[in-house]
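Read through the structure below, which is laid out as structure tokens, and then see the notes.
Nothing in this text is a laboratory measurement; each read-out follows from the coordinates by a stated rule. No experiment lies behind these values; they were computed from the predicted model shown. Cβ: placed from backbone, ideal geometry, glycine included. Neighbour counts: every protein chain shown.
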Amino acid sequence: MARIAFMRKQWAEAEKQYAEIAEKFAHTSAAPQAVYWKGVSRYKATSDHKELNKVAEELKQKHPNSLWALKASIWSR
């Protein structure tokens with residue numbers, strides 16, 4: 001459902017659903033991907049580049065060895 005909301009450009013709904021996935025599955029491989037897309041959804045809603053930096057930092061802290069942390073690392077300051 002989160003991906004569908006994202007594809008429909010329903011940024012707030014996508015962000016909410018990705019946040020729920022990240023929380024519910026915090027200790028699984030789904031969490032880093034959900035955190036990544038949660039941040040992208042927030043950025044799409046706000047056009048604020050700081051949101052991308054926040055998601056990069058969150059991934060660096062919570063999921064440092066994930067592919068998603070590596071993908072987001074280009075957003076770090």
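Computed quantities for the displayed model
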{"quantity": "Filtered residues of the range 16-53 (kept if surrounded by 13 or more Cβ atoms within 10 Å (Cβ to Cβ), within 18 Å of Lys71 (Cβ to Cβ) and of a type outside the set (A, V, I, L, M, F, W, C))", "calculated": "Tyr18, Pro32, Gln33, Tyr36, Lys38, Gly39, Ser41, Arg42, Tyr43, Lys44, Glu51, Asn53"}
{"quantity": "The range 54-71, subset of a type in the set (Lys, Arg) and under 25 Å from Lys9 (Cα atoms), residue surrounded by the most Cβ atoms within 10 Å (Cβ to Cβ)", "calculated": "Lys54"}
{"quantity": "Only one of Ile4, Ile21 that is free of Cβ contacts under 8 Å to residues at least 12 places away in the same chain and assigned to a helix (DSSP H, G or I)", "calculated": "Ile4"}
{"quantity": "Count of residues meeting criterion [more than 21 Å from Lys62 (Cβ to Cβ) and among the aromatic types (Phe, Trp, Tyr)] in the range 7-29", "calculated": "1"}
